[in-house]
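Step one of this worksheet: look at the structure below.
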Amino acid sequence: MSVKLIVGAQWGDEGKGKVVDLLSNDIQVVARYQGGANAGHTIVFDGKEHVLHLVPSGVFFPNTICIIGNGVVFDPEAFIEEVNMLKKVGISVENRLFISKKAHVITPYHKLLDKARENETSQMAIGTTGRGIGPAYQHKIKRCGIRMVDFLNFEVLSEKLRNNIIAENKVFKFIYGVDELNAEQVISKFKEYAEFLTPFIADTTLFINELIDEGKNILIEGAQGALLDIDHGTYPFVTSSNPTAGGACTGLGIAPTKIDDIIGIVKAYCTRVGNGPFPTELLNETGEFLRKEGHEFGSTTGRPRRCGWLDLVALKYSVMINGIKEIALTKLDVLDKMDEIKICTSYKFQDDTLKSFPTDLHILEKLNCEYVTMKGWKTELKNFTDFDELPIEAQEYVKFIENYVKVKVSIISVSPDRKDTIFVN
């Protein structure tokens, strides 16, 4: 029996989908613990690309049970589209895909609130996807949210929707000056959703704990990355949940003692989507090169990602707060053509050298990075299957990361395809 947790160790988009899919071959259960349809996991096999937003990445293995936990904010429309997409490519989810009764639901008023807030003239715009994620978590904390269990009682669902829409329409009219929602139209649409969703709704907290007790091999996946954590990230330019390892326990209802291994997914360079501090960002030809070589465009929105050198100060912080025991290093092949590669090893703020990651916005926005420059390998890594056969420069790059953060690299991805992966002893 093994319970493994997959954590994005940077600002998201590290390649978690590929790693979860890759490891799901010997896994009976894959469970998602936070985030919403703003996240996109891209999986490539047999020459085809598949993008998932809510369904766990293990769904392409026909015998794998998939669980969407209570920590996820659930978008009914996005889910139905995704299930229909899977059916078109021959993937059945019947009797193996389950949604927590306790998961909160994203509604049209959450999406409208999200877009209205971002459209306000403000220097502090977060750069959200406009998918209603933040407002849904806000209503969860306000204790007025709609939960999946409400779909099982249409009378309760209708009353909650109607009351919330009446309240939010006042906000739309008097604060944002946007069109109000028609409550009855929303309720009618949610009745259709209820018919589709009812077979998927379950007590997943009990279910996953029973599966653990039965000795099943379980893989837990999150969305976004640790540096976007609402508590431990670059606040306020963060997501609305806890992508860090602790979020897996609250987001699924399992005890910390049940987790056997924590794997941090680390991109061989850094990217970030949306606004907020990004110490190693490259606003030059090198940054544009990384974007084009790495196809760094959001799988959910298509937005170009900001690109920069690997930041080991930030990574060491992520290792600490997540308890990462091993690293899966992705997109190492994106660096194949580079003559030189830089790695950030410390920060300079005023007259001080910082070797720990500050989450204070006023420091992050003003610090300077100090780099070590390494020689590139100028070789296509996709052709290699063994770490010891990699060019010595590539091996040294990996070992430098390991020595700095004191964690071993166990998996190296050298292309988006699941077959192009090196497992390191």
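The values are calculated or read from the model by the stated rules, or taken from the named source; none is laboratory data. This is a predicted model, so every value here is computed, not measured. Here the Cβ positions follow ideal geometry from the backbone for every residue, glycine too, while neighbour counts run over all protein chains shown. Heavy atoms of the whole protein, side chains included, go into the accessibility calculation; ligands, DNA and RNA do not. Shrake-Rupley method; radii C 1.70, N 1.55, O 1.52, S 1.80 Å.
The table below gives the values:
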item: Positive minus negative residues near ILE68 (Lys, Arg vs Asp, Glu; Cβ under 14 Å); result: +1
item: Coordinate range along principal axes, alpha carbons of the range 22-89, Å, largest first; result: 30, 23, 17
item: Rounded tilt (10° steps) of 183-197 against the dominant C-alpha axis of the chain; result: 70
item: From the C-alpha gyration tensor of the range 4-46, square roots of 5λ in Å; result: 17, 13, 11
item: Angle between the chain longest axis and helix 108-119 axis [Cα atoms, degrees, rounded to 10]; result: 50
item: Virtual spin-label span in nm between VAL149 and ASN95, 7 Å along Cα→Cβ; result: 2.7
item: Per-selection Kirkwood Rh - the range 244-342 (Cα, Å, 1 d.p.); result: 15.2
item: Rounded percent of accessible protein surface that carbon and sulfur make up, the chain, 1.4 Å probe; result: 48
item: Accessible area per residue in Å² at 1.4 Å probe, computed on the chain; result: 43
item: In degrees, nearest ten, helix 133-142 long axis to first principal axis of the chain (Cα); result: 60
item: Projected area, mean over directions - the range 313-425, Cα convex hull, nm²; result: 7.9
item: Gyration tensor (alpha-carbon) shape descriptor, the range 175-290, a/c threshold 1.5; result: oblate
item: Positive dipole terminus of the chain, leading residue within PRO135, GLY8, ILE67 (C-beta point charges); result: PRO135
